[in-house]
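Comments concern the structure below.
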Amino acid sequence: MHDPNLDLSGTTAVVLDVDGTIAGPDHRVSPRTRAAMADLEQLGVPVVLATGRSRANVLGVAATVGLRTPGVSCNGAVVTDPVSGDDLRVQTMDPAEAAALRTVHEETGYAFTWWTVRGIYTTTEQLRDLLMAFGDPDVQVAVPPERMPDDVVKAMIHGTAAEMDAARPVIGRYTPRATRSMDVFWELS
């Protein structure tokens, strides 16, 4: 529980990333961390989740904790009110950028995933299982990347750290704006 001597009067909000910040090595948010976030909300300090994780993942954490402040998912592409479930902002990718990352996948053979507001699609079962381990409830494998829709909010290439190092020149050629995350992804949103 919270320290009664802690002065939060100057705090207007607390913004938290998930992976590497509030989630442990098991990719889960611990009961202790959830309780601390709930305490902040009860004290009138809004808690904002801001993460690369999916909309469903952010809403799941928010529901578990009882957060009332809009959450930011997909690296800022989606902002959702956890109380109503309404999307307050959705910024889709330029379809040409999503297609360029698909070209990186085709040229390198590394796993590819693309995200819409309500779904995650991937080219491999291994990547599906990894994303589901992060707490994303419904990751689908069956959709070919050639049929990727125009409403993509995030796209990623996945492989080992060494494979992602080797992909750097191809990334630079097709998607120079892509960023590296967790050593095993190149992503755009």
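Just so you know, all these numbers are worked out from the coordinates, no wet-lab data involved. Quantities reported herein were computed from a predicted structural model and do not represent experimental measurements. Here Cβ is always computed from backbone atoms with ideal geometry, including for glycine, and neighbour counts include all displayed protein chains.
Distance between the modelled labels on Ala166 and Gln126, one decimal in nanometres: 1.1 nm (7 Å Cα→Cβ projection). If one takes the longest principal axis of the Cα atoms in the chain, at what angle in degrees, from 0 to 90 and to the nearest 10, does the Cα axis of helix 31-42 lie? The two axes meet at around 60 degrees. Run through the DSSP bridge list for the range 11-99 and note the antiparallel percent, rounded to the nearest 5. Taking every DSSP beta bridge with both residues in the range 11-99, the antiparallel ones total about 60 percent. Labels on offer are (1) 57, 33, 28; (2) 101, 37, 23; (3) 56, 44, 38, and the one holding Cα extents along the principal axes in Å computed from this structure is (1).
Starting from the Cα gyration tensor of the range 51-141, take the square roots of the eigenvalues, sort them a ≥ b ≥ c, and report rounded, prolate or oblate (rounded when a/c is under 1.5, otherwise prolate if a/b is larger than b/c, else oblate). Intermediate results must be reported in sequence, preceding the final value.
On the way: a/c = 3.22, a/b = 1.63, b/c = 1.97.
Since a/c reaches 1.5 but b/c is at least a/b, the shape of the range 51-141 is classed as oblate.
Charged side chains reduced to their Cβ positions (Lys and Arg at +1, Asp and Glu at -1) give the chain a dipole of some 60 debye around its Cα centre. Distance between the modelled labels on Asp26 and Asp87, one decimal in nanometres: 3.2 nm (7 Å Cα→Cβ projection).
With the cut-off at 1.5 for a/c, could you classify the range 92-189 from its C-alpha gyration tensor as rounded, prolate or oblate?
On the way: a/c = 1.62, a/b = 1.16, b/c = 1.39.
Taking the square roots of the gyration eigenvalues as a ≥ b ≥ c, the range 92-189 is oblate.
For the chain, the relative contact order works out to 17 percent when only alpha carbon pairs closer than 8 Å and six or more residues apart are counted.
Which of rounded, prolate or oblate describes the range 26-91 when judged by the alpha-carbon gyration tensor and an a/c cut-off of 1.5? Oblate, since a/c reaches 1.5 and b/c is not below a/b. When the charge dipole of the range 30-189 is built from unit charges on Cβ atoms (+1 for Lys and Arg, -1 for Asp and Glu) and taken about the Cα centre, the candidate among Ala35, Val72, Ala96 whose Cα reaches farthest toward its positive end is Ala35.
Calculated from DSSP H runs of 4 or more alone, at -39500 (n - 2.57) each and per residue, what is the 222 nm mean residue ellipticity of the chain, nearest 500? Don't jump to the answer; show the numbers that get you there.
Details: 5 runs with 60 residues, N = 189.
Calculated at 222 nm, the ellipticity per residue is -10000 deg cm²/dmol.
Which percent, to the nearest 5, of DSSP beta bridges fully inside the chain are antiparallel? Display every interim value, and only then the final one.
Working: 22 of 29 bridges.
Percentage antiparallel, nearest 5: 75.
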